[in-house]
Amino acid sequence: MSISTQSTDGRWSSRWLFVLAAAGSAVGLGNIWKFPYIAGENGGGAFVLIYLVCVAFVGAPIMISEVMLGRKGRASPINTMRKLTQEAGAGARWTFLGWMGVLAGVLILSYYAVIAGWALNYIWLTASGTFDAASAQVAITTFDQLQQDPLEMMGWHSAFMVITIWIVARGVSRGLEAAIRWFMPLLFVLLLVLLGYSISSGGFAQGWAFMFDFNWSVVGPETWLIAMGQAFFTLSLGMGTMMAYGAYVPGDSHIGSTVLTIVALDTFVAVAAGLAIFPLVFVNGLEVGQGPGLMFVTLPLAFGQLPMGALFGTVFFVLVSFAAITSAISLTEPAIAYVVEEYNAKRSRVAISLGIFCWLLGLGTVFSFNIWADLKPLFGLNFFELVDQLSQNIMLPLGGLLIALFAVWVLPQSIAREQLQVTSKRVMFCWRVVGGVMAPLGVAAVFLYTFLPFFIG
């Protein structure tokens, strides 16, 4: 069987556009509300410091591995793994890494589009003044009504999926690059605007203390595991996205410095989001530990109590929607790239077909919040919870673990040196220790911590 060794959809026109695309993939809903929340719950500044260590020694090495494999293969993750497995003389079983990444991306997109649809809905709700001087009960009722209405959720789920597929169908230069050129700079501008608004709200000092005071008394082994898991998942690792994007990276781009730039941007957005959100929460005397409610209940209520709150609340949900779109785009690319190059199919048709499939699969998530809420066929989980557990807590960590092992211990060192542009034996030794030992052990720790309770009761 012949293997396509060249991506059929072109290259990024510049290193910077790849950086923005990869950062767009990494920056999503988790950065906007999850990172600040878990930072505050796990030692504030202490957690941030631990998170940065985990990014440096787990997240960044695995991302470097993925991008390196993608650029060498110049194909979809599936065909990249086929090609590199043959070159390395390794067993064909390694090819399943590409398949697992593609499947994980599809599963995640199916429910990600539903949650992101909520953000689109809240642009309209906030702009129309729904939350102006609203009570807590109004905010709670509005969110509950959305979740309990399958038709409304289907509508916003559909809208988000149409936007994503329309962009993806246009290809790298006309679709992905065009979206990234606009979305990512706008995302950063909107975040800075919101941050400025938050600074002037009167609660910035309290929000800063919440994020950056070093409270080592609450730090324990679990804190390290939570930080490691956050570092891993926020960087979109283990699903083939970075491998797919890496296929479009120009040959003269330095992978190490490029990945570090991406990681820095991702971390900046997460921290800036926390500094933008929590002052608004504190100044209104609201509860920070709301989970999804932090974004869809607490924050609309906070904006509703502040001058020009409707305007800046709208800006916030536009920001969230931009972040969600760039992440969703990346989830489609591994699957689309494979079908296009394997069957010489038209990209727009493949994108539409994938969009319809993910939309249909996403209906399971829609119904999990209403008419199927009590339907829990396996392990006491409903459809949404089951898909989430399978994709994010099993497939992604396993994929990241195996990618790191393949890149360091299976792929010939000559290929790694060529792609990483490294000539020093000392640097290569450090790469093998960090990328081939520390990173896999870190992911394995998260993996075992997640599932060990199921086996020991």
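The values are calculated or read from the model by the stated rules, or taken from the named source; none is laboratory data. Model, not experiment: these values are computed from the prediction. Cβ coordinates were reconstructed from backbone atoms using ideal geometry, including for glycine residues, and neighbour counts include every protein chain displayed.
Some values worked out for this structure:
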read-out	value
Restricting region 239-297 to residues that are assigned to a helix (DSSP H, G or I), touching a residue at least 40 places away in the same chain (Cβ under 8 Å) and polar (S, T, N, Q), the residue that is surrounded by the most Cβ atoms within 10 Å (Cβ to Cβ)	T241
Considering residues of region 146-161 that are of a type in the set (A, V, I, L, M, F, W, C) and more than 23 Å from the chain's Cα centre (by Cα) only, the residue farthest from W124 (Cα to Cα)	L151
Only one of V114, V19, V58 that is more than 15 Å from M243 (Cβ to Cβ), modelled with pLDDT under 85 and not small (G, A, S)	V19
Hey, Q421 more than 21 Å from the chain's Cα centre (by Cα) and among the polar types (S, T, N, Q) or not	yes
Residue check, A337 among the small types (G, A, S) and not in a helix (DSSP H, G or I)	no
Residue satisfying all of: in region 25-82; under 16 Å from the mean Cα position of the chain (by Cα) and not in a helix (DSSP H, G or I); farthest from F188 (Cα to Cα) among these	G28
Residue list for region 409-426, filter: over 16 Å from A90 (Cα atoms) and either surrounded by fewer than 12 Cβ atoms within 10 Å (Cβ to Cβ) or not aliphatic (A, V, I, L, M) (or both)	R417, E418, Q419, Q421, T423, S424, K425, R426
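Let's see how each residue does on (1) touching a helix residue (DSSP H, G or I) at 6+ places or on another chain (Cβ under 7 Å); (2) at pLDDT 80 or above; (3) within 22 Å of G238 (Cβ to Cβ):
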position	(1), (2), (3)
E287	yes, no, no
M308	no, yes, no
I325	yes, yes, yes
T332	yes, yes, yes
V340	yes, yes, no
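Every residue, every condition in (1) modelled with pLDDT of 90 or more; (2) closer than 20 Å to M153 by Cβ; (3) of a type outside the set (K, R); (4) within 21 Å of the chain's Cα centre (by Cα), yes or no:
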site	(1), (2), (3), (4)
F367	yes, yes, yes, no
L375	no, yes, yes, no
L378	no, no, yes, no
L381	no, yes, yes, no
L396	no, no, yes, yes
G399	no, no, yes, yes
I403	yes, no, yes, yes
